[in-house]
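As structure tokens, the structure follows; a few thoughts come after it.
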Amino acid sequence: MSNTFKTFLKHTAKDFHNQSVNPPVIRASTIIFKSMQDIRKTQSKATKNPTGGHFDYGRQGTSTTHILQKILSKLEESYHVFLTPTGFGAVFLSIFSVVRPGDEILVADPVYSPTRLLTQDFLKEFNIKSTFYNPSDLKTLEKNITKKTKLIFVENPGSNTFDFQDLGKIISIAKKNKILTAIDNTWGTPYFLKPIKLGFDMAIVSATKYYSGHSDVMGGSLAVNKKVFKQIQKTDKVCGMRMSPDDAYLITRGLRTLDVRLDRHRENAKKVSEFLSKYKKFKLLYPYKKDSVNFRMWKKYYSGASGLMGLRIKAKSKNSVVKFVNSLKLFGYGYSWGGFESLALYQDVREQGKRNFLKLAKNEHLVRLHIGLEDPNDLIADLKQALKHLK
């Protein structure tokens, strides 16, 4: 990418044929040709250049989805990017492309709860064993490697607990043992971390979140290196998971301001974290404390931090924590995050999935905050008035 990340996003994919700044939405089930010879020519081109956007059927995509793939491949500095209808679809595609019955995978303990259900329960039915490692103690990863281990699946930072791992060490362990690696990089996006460049084989981003930025579209991306491309492509062809052209268009449009929005999310989250860090009633789960392992691991690999953070709250009762959350006036209540608006959720233990290394003390609770694009002083004032409900 010759231009900077910021400039590239503003100038890529202009459509001079239609004289539009953003490319048009091309919807198609049938890709129509002038002759059978033209179909064969396109199929031949697709064989020779499988990332070139040569389609003979709408399930493979259209020029609209191909444009988004090209943009994301540039941002990720990857060989190719596959698109899925949801972020979790990208998780599914990454795992099912590379593991088979009899294989074993190692998974970070604090993964997204649907990822946990997929790996812990669903894979059992296919005779695939999942073992969970402690993100703060990579010896728990190394000691569980066997000759059957095919994949290490990382989520960084950890879902809701925001554990930052030593990514370089994980890659080193994987390469030494000839194991493939995948990382869910939704929190950082390639704006703050480029996993493929770092050495991961696969990098997942839920495009539903910051890529879209407006809480009105769903999608996922799976960036890959050349080593695993054919395996992913084979699964991608037969599984039928395809992002729609309309969603691809909205995500492409949202990407134009990804840097501007993430810079603002980061600035707002920094101000809010500085305010919250003064309260001894809870532990702030965000990379702000410079003498912490989490901060050092974040600083080592990331160029910035997004707007998602957590609070680990010790309270006399669950009701007071819920009352704190319900008292927030500028924070919406709902799943997902990454949009322009601030959100808050009380995280019930059941929603974490069964975790081996999460040790919550008695009367300790988790709250997740997404810091949006509002005036940070207004958000701080809102949090301040709500904090009085914590007992």
Farthest toward positive dipole pole in segment 173-317 [+1 Lys/Arg, -1 Asp/Glu at C-beta], among 260, 205, 306: 306
Extreme residue, positive dipole direction of the chain, given options 96, 13, 65 (C-beta unit charges): 96
Normalised convex hull volume, segment 298-391, alpha-carbon set, Å³ per residue: 127 Å³
Radius of gyration and Dmax over the Cα atoms of segment 1-105, both given in Å: 16.7, 54
Radius 12 Å from Cβ of residue 217, net charge of other residues (Lys, Arg +1; Asp, Glu -1): -1
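Net charge around residue 246, counting only other residues with Cβ within less than 13 Å of its Cβ (Lys, Arg = +1; Asp, Glu = -1)?
Computed value for this residue: +1.
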Dipole moment magnitude, nearest 20 debye, segment 46-142 about Cα centre, only Lys, Arg, Asp, Glu C-beta charged: 320 debye
Residue-by-residue Karplus 3J(HN,Hα) for segment 231-244, coefficients 6.51, -1.76, 1.60, Hz, glycine and proline x: 5, 5, 4, 4, 5, 4, 5, 9, 7, x, 7, 9, 6, 6
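Can you say what percent of the DSSP beta bridges in segment 174-252, counting only those with both residues inside, are antiparallel? Round to 5.
60 percent
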Two-decimal ratio, segment 111-172, of alpha-carbon radius of gyration to 2.2 N^0.38 Å: 1.14
Efficiency of FRET from Cβ geometry, residue 33 and residue 330, R₀ 45 Å, rounded to 0.05: 0.25
C-alpha center-to-center spacing [segment 1-66, segment 262-325] in angstrom: 42 Å
Å³ per residue enclosed by the Cα convex hull of segment 211-341: 178 Å³
Segment 176-285, relative contact order in percent, only Cα pairs under 8 angstrom and at least six apart counted: 21 percent
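Could you size up the charge dipole of the chain around its Cα centre, putting +1 on the beta carbon of Lys and Arg and -1 on that of Asp and Glu, and report it in debye to the nearest 20? Please report the intermediate quantities before stating the final value.
On the way: 65 positive and 34 negative charges, 206 e Å.
It comes to approximately 980 debye.
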Normalised contact order of the chain, rounded percent, pairs of Cα under 8 Å and 6 or more residues apart: 17 percent
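Per residue, how much accessible area does segment 325-391 show when a 1.4 Å probe rolls over the protein heavy atoms, in square angstrom? Mind showing how you got there, number by number?
Working: 3350 Å² over 67 residues.
Result: 50 Å² per residue.
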Rounded FRET efficiency, nearest 0.05, which uses the C-beta distance separating residue 20 from residue 388 and R0 of 51 Å: 0.50
Sites residue 361 and residue 138, calculated FRET efficiency, Cβ-Cβ separation with R0 25 Å, nearest 0.05: 0.50
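Please tell me which of these pairs span more than 19 angstrom C-alpha to C-alpha: 139/289; 48/227; 48/230; 314/359; 178/300?
Too far apart for the 19 Å limit: 139/289; 178/300.
Please compute the length gained on full extension between residue 296 and residue 11, using 0.36 nm multiplied by the number of residues separating them and subtracting their Cα-Cα distance.
Between residue 296 and residue 11, full extension yields an extra 99.1 nm.
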Separation of the residue 239 and residue 100 label points, Cα + 7 Å toward Cβ, nm: 1.7 nm
Sulfur and carbon atoms: percent of accessible area, segment 272-391 [1.4 Å]: 54 percent
Neighbour-limited loop hits for GluC sites (Glu not before Pro), segment 54-138 (at most 16 other Cβ within 10 Å; DSSP other than H, G, I, E, B): 77
Neighbour-limited loop hits for chymotrypsin sites (Phe, Trp or Tyr not before Pro), segment 280-382 (at most 10 other Cβ within 10 Å; DSSP other than H, G, I, E, B): 335
Restricting segment 45-123 to trypsin sites (Lys or Arg not before Pro) in coil, as DSSP defines it, with at most 15 other Cβ within 10 Å: none
The chain: antiparallel DSSP beta bridges as a percent of all, rounded to 5: 60 percent
Charge tally in the Cβ shell below 10 Å around residue 64, where Lys, Arg are +1 and Asp, Glu are -1, residue 64 excluded: -1
Integer Hz, Karplus 6.51/-1.76/1.60 couplings in order for segment 47-61, x for Gly and Pro: 5, 6, 9, x, 9, x, x, 9, 10, 10, 8, x, 5, 6, x
Dipole magnitude of segment 198-320 about its Cα centre (Cβ charges: Lys, Arg +1; Asp, Glu -1), debye to nearest 20: 840 debye
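The values are calculated or read from the model by the stated rules, or taken from the named source; none is laboratory data. The shown structure was predicted, so the numbers you read here are calculated from the model rather than taken from an experiment. A quick note on method: Cβ atoms are made from the backbone with ideal geometry, for glycine too, and the neighbour counts reach across all protein chains shown. Surface accessibility is based on the protein's heavy atoms, side chains included, excluding ligands, DNA and RNA. Shrake-Rupley method; radii C 1.70, N 1.55, O 1.52, S 1.80 Å.
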